[in-house]
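Participant: This is the structure I want to talk about, given as structure tokens.
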Amino acid sequence: MDLYRDDFIPEEDKLGMIVTSGLVTMTKDEGNLIGISIGGGAPMCPCLYIVQVFDNTPAAKDATLEAGDELVGINGTNVKGKTKVEVAKMIQATKTEVVIRYNKLHAEPKQGKSLDIVLKKVKHKMVENMNSSTADALGLSRAILCNDSLIKKLDELQRTEDMYRGLVDHTRRVLMGYFDLVRVCKELGNEFCKIGVREPQKAANEAFCKFGEYHRQMEKFGINMLKKTKPILKDLGTYLTKAIPDTKLTIKKYADVKFEYLSYCLKVKELDDEDYSYQALQEPLYRVETG
């Protein structure tokens, strides 16, 4: 194949995606419409495609055509190189039925995630908390398309988690110390009661036994208090080990999706700028020329 011929058209790189062709016949409605919106076309784009399929229209009820499908022909006529206005008039000129030839692209969305998108995603994460002047100085001002408080919320949750973790650990140590203390009270009570039993004097006997019984009661009240405190400590542990981590995971997932969305927005903006620059130079753009 001669690459230097004037009529040579470079082959389109579909990046491993599958394109299938089809033919569909539609009956127009009372308004002489089939219910699609068309985009692309000459002079800037070599192909025409469906932008939207409107609800409750012949195209929507047929459900064959979808947004993104390429329009190849109308009633047997090739539409490549035509404007979208010309194609719309071809559809309107048909009396009742329209025969549309189309190409449908079957693509896995994850396949479109290139290294460029991944790097832009990292860039958004870097500038999340930067102010405009700092981003301008680093040449990253474009990445600040949306600067919310997600990262600050994550930092706040981390501080809250650290505080509750310290509170739970301190409370656990205090309760363990208190448990040891009430056990000592019980042992002291037992010893005082033993002394009271051996004491020959009645007054001393009653005093030691009463003093020992009070220490035993302190142990019982202490155990009862620990039983009532245990559910509170358990709830704090649940908040620490489940509620906070689940919230952090949700915020991280949302932030990750947001960064990816912003990365695609930045990519589209760069493509638009590239189109405008090539238009200004009146030079062909490869990805536009090949569709």
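The values are calculated or read from the model by the stated rules, or taken from the named source; none is laboratory data. Please read these numbers as outputs of a predicted model, since none were measured by experiment. Cβ placement follows ideal geometry from the backbone for every residue including glycine, while neighbour counts extend to all protein chains displayed. Just so you know, the surface numbers come from the protein's heavy atoms only, side chains and all, with ligands and any DNA or RNA stripped out. Shrake-Rupley method; radii C 1.70, N 1.55, O 1.52, S 1.80 Å.
Participant: In the stretch 184-260, if the dipole is taken from +1 on Lys/Arg beta carbons and -1 on Asp/Glu beta carbons about the Cα centre, which of Phe208, Gly222, Ala255 is farthest to the positive end?
Facilitator: Ala255
Participant: While we're looking at this one, here's another question. Can you work out ³J(HN,Hα) from phi for every residue in the stretch 264-281, in order, using Karplus 6.51 cos²θ - 1.76 cosθ + 1.60 and θ = phi - 60°, giving whole Hz and x for Gly and Pro?
Facilitator: Going residue by residue, I get 5, 4, 5, 5, 5, 5, 5, 5, 4, 4, 5, 4, 5, 5, 6, 5, 5, 7 Hz, with x marking Gly and Pro.
Participant: Please compute the alpha carbon radius of gyration of the stretch 206-249, then divide it by the globular-protein estimate 2.2 N^0.38 Å. Two decimals is fine. It would help to have the intermediate numbers written out before the result.
Facilitator: Details: Rg = 19.0 Å, N = 44, 2.2 N^0.38 = 9.3 Å.
With N residues counted in the stretch 206-249, Rg over 2.2 N^0.38 Å equals 2.05.
Participant: Now a separate question. Is the shape of the stretch 148-274 rounded, prolate or oblate, going by the alpha carbon gyration tensor and its root eigenvalues a ≥ b ≥ c, with a/c under 1.5 for rounded and a/b larger than b/c for prolate?
Facilitator: Prolate, because a/c is 1.5 or more and a/b exceeds b/c.
Participant: Around Val99, with a cut-off of 13 angstrom between Cβ atoms, what is the net charge of the other residues, counting Lys and Arg +1 and Asp and Glu -1? The partial results should precede the final answer.
Facilitator: Values: positive: Lys28, Lys95, Arg101; negative: Asp62, Glu97.
Residues near Val99 contribute +1 overall.
Participant: Going by a ≥ b ≥ c, the root eigenvalues of the Cα gyration tensor, does the stretch 28-73 fall in the rounded group (a/c under 1.5), the prolate group (a/b larger than b/c) or the oblate group?
Facilitator: It comes out prolate by the Cα gyration axes.
Participant: Sticking with this structure for a sec: Mind running the shape call on the stretch 57-100? Use the C-alpha gyration tensor, a ≥ b ≥ c as the square roots of the eigenvalues: rounded below 1.5 for a/c, prolate if a/b tops b/c, oblate otherwise. Kindly include the intermediate steps, with their values, before the conclusion.
Facilitator: Numbers: a/c = 1.86, a/b = 1.26, b/c = 1.48.
Because a/c hits 1.5 or more and a/b fails to exceed b/c, the stretch 57-100 counts as oblate.
Participant: Quick check: at a probe of 1.4 Å, how many percent of the accessible area of the stretch 22-112 sits on carbon and sulfur atoms?
Facilitator: Answer for the stretch 22-112: carbon and sulfur cover 51 percent of the accessible area.
Participant: Ranked highest first by the average count of other Cβ atoms within 10 Å around their residues, in what order do 183-196, 164-177 fall?
Facilitator: In decreasing order of mean packing, 183-196, 164-177 become 183-196, 164-177.
Participant: Hey, another quick one. When the solvent-accessible surface of protein heavy atoms is calculated with a 1.4 angstrom probe, in what order do Lys228, Lys95 fall, highest first?
Facilitator: Descending order: Lys95, Lys228.
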